Amino acid sequence: MIRPRTPRRVQLGEFLAARRRAQPRAALGLPPGKRRSEAGLSREEVATLAGISVSWYTWLEQGREINASQQVLTAVARVLQLTDAETEYVFALTQPGRETVSPGPERAPEHLLRLVEALPFPAFIVATDWAIVGWNRGYEWLYGPIATIPQEERNLLRLVYTDPRLREMLPDWERDSRSFLAEFRAESGVRLSSERHRAVIGDLLERSPEFRAQWAEHAVGRFASRRRVFVHPEAGRRVYEHHRLVPSDASDLHVVMYVPVSEADASVEP
């Protein structure tokens, strides 16, 4: 009997299909496809290069509940030239018993709120679905609307794609939004089937054409500290280093920090 497809297996199938279609044939020593639509690899080619049966790989892309070994997944990752972050994402989606992973807390503990408030630069706290569950005065200065936005809308991913005020503050919005979305997918992983995660994604698929286009790309990437530029409505251009910490006693929450960069350092490429 064929077991019903689970949300994480659907995610896995969609991700593998997207990477297969985007894989340059020349990188694997294959000739160009006969038609323009054959720019990527076929399922048969992936299976052959990975040393597995075509049926087995097809079942993976179809989201079937099959037991794929680490050896098989490693071979597929090699053929599709997945990054370390993408490979980790694939392994996470195939681990058994992960459908019931908790979406994480909806509120930040008081001691974490006190820590963030004590920081002398913009900082805030996000949950696994990127709901903003706490912030300090520095962040409220940088992004004033945070204090008046309804709680159900107070989600970093939602705001990036739907708040025109925030978009105006981000001169690198295209790059920033893609980085955020790749990190969100990588971090959410098996949690994407939770009610809270589904609500965020479903809402953005309806409201934002840019989100729909970028979500379909299935980008996956690890967070990396980096330089961020904001244009404050009153203070003008501000440059920060974007850092993130995971509290050891609240690992389902992330503390996001924007550390100011001096004018001298801001003129130097990171």
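Some notes on this structure:
- Residues satisfying the stated conditions in segment 81-115, i.e. at pLDDT 90 or above and over 16 Å from R185 (Cβ atoms): Q81, A108, P109, E110, H111, L112, L113, R114, L115
- Count of segment 131-162 residues which are under 19 Å from the mean Cα position of the chain (by Cα), among the acidic types (D, E) and at pLDDT 95 or above: 0
The values are calculated or read from the model by the stated rules, or taken from the named source; none is laboratory data. These numbers come from a predicted model, not from an experiment. Counting neighbours? That spans all protein chains shown, and the Cβs are built from the backbone with ideal geometry, glycine included.
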